[in-house]
Amino acid sequence: MSDDLNGKTYSFDVCAICKSICCRDANPPLTEERKKIIRNYLLEKKYPTESLFVEGDYAHPASDEKGHCIFLDKNTKKCLVHQVKPETCKAGPITFDINRQTGKLEFYLKKSEICPFAQIIYEDKIRLKEHLEAAKAEIFRLVNNLEAEALQAILRIEEPHTFKIFEEPLPENVLNKINFK
Ligand code: SF4
């Protein structure tokens, strides 16, 4: 999905009128590298950089009292760190899982009942292919760079309203992290 010169995105047009709030309770995983990139980006923009991240089973952005991601601008409904946002945010509405039987990285698309944007790209095979390529690059980078414990914790999260659209073998270093035999 390309940005136009006003910084408005194709997805934003659809997402702006959607009643689902993907940035609430999202908790996108963050690698150490991504945290550094986001912090530096905010420093450059002269935004505050205190209490940005939560370190639990895996690191993710902090949330407000309603569960909205700290990086969601309440007025514009845009992501403050759009240019450098976490890998799973860039990949959305494509999500991922790892199949421990096959050792493959599986890619899922959100169902249309929870994501109108997913329906639009599903019906447009060229856009779907483009977005899948972009999502694959993001997610491969993420699973490659995450610590083993964080990756294991993320894989325990259920994402029921999705369906599989693609799969690809994982590199050995990632298989070792999830103790694939
Ligand atoms: S980083 Fe941006 S896109 Fe991702 S959940 Fe937070 S506000 Fe939403």
Open item on the list: So CYS18 ticks every box in (1) modelled with pLDDT under 90; (2) part of a helix (DSSP H, G or I) but one. Which box is left unticked?
Closed with: (2)
Open item on the list: Whether any residue in region 92-105 is open to solvent by 60 Å² or more (accessible area, probe 1.4 Å), in a loop (DSSP other than H, G, I, E, B) and among the charged types (D, E, K, R) is what I want to check.
Closed with: yes
- [ ] Given the conditions (1) in contact with a Phe, Trp or Tyr (Cβ under 8 Å, 6 or more places away or on another chain); (2) modelled with pLDDT under 95, report the number of the one that ILE178 does not fulfil.
- [x] (1)
Open item on the list: Checking THR76 against (1) loosely packed, with under 15 Cβ neighbours inside 10 Å; (2) within 17 Å of LEU151 (Cα to Cα); (3) of a type in the set (Val, Ile, Thr), only one condition comes out false. Which one?
Closed with: (2)
- [ ] Say whether the condition of being touching a residue at least 12 places away in the same chain (Cβ under 8 Å), touching a Pro at 6+ places or on another chain (Cβ under 7 Å) and of a type outside the set (Phe, Trp, Tyr) is met by at least one residue in region 75-83.
- [x] no
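For the subset of region 94-120 comprising residues that are without any contact (Cβ under 8 Å) to a residue 40 or more places away in the chain and closer than 21 Å to PHE140 by Cα, which member is nearest to the ligand (Cβ to nearest atom)?
Top of the filtered list is ALA118.
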Open item on the list: On the basis of being assigned to a helix (DSSP H, G or I), modelled with pLDDT under 95 and open to solvent by less than 20 Å² (accessible area, probe 1.4 Å), does ALA135 make the cut?
Closed with: no
Task: Close pairs from region 9-30: first more than 9 Å from the ligand (Cβ to nearest atom) and open to solvent by 70 Å² or more (accessible area, probe 1.4 Å), partner part of a loop (DSSP other than H, G, I, E, B) and modelled with pLDDT of 70 or more, Cβ under 8 Å, at least 6 apart - done: ASP25/GLY67
Open item on the list: With the structure loaded, tell me whether ALA91 is modelled with pLDDT of 90 or more, of a type in the set (Gly, Ala, Ser) and in contact with a strand residue (DSSP E or B) (Cβ under 8 Å, 6 or more places away or on another chain) or whether it fails that test.
Closed with: no
Open item on the list: Can you tell me which residue is nearest to the ligand (Cβ to nearest atom) among those in region 34-65 that are open to solvent by 40 Å² or more (accessible area, probe 1.4 Å) and in contact with a strand residue (DSSP E or B) (Cβ under 7 Å, 6 or more places away or on another chain)?
Closed with: SER63
Open item on the list: Among the residues in region 163-174, are any buried (at least 19 other Cβ atoms within 10 Å of the Cβ), closer than 19 Å to CYS23 by Cβ and of a type in the set (A, V, I, L, M)?
Closed with: no
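The values are calculated or read from the model by the stated rules, or taken from the named source; none is laboratory data. What you are looking at is a predicted structure, and each value in this text was computed from that prediction instead of being measured. Heads up, the Cβs are rebuilt from the backbone with ideal geometry, glycines too, and the neighbour counts pull from every protein chain shown. Accessible surface is based on the protein model in full, side chains and every heavy atom, while ligands, DNA and RNA are left aside. Shrake-Rupley method; radii C 1.70, N 1.55, O 1.52, S 1.80 Å.
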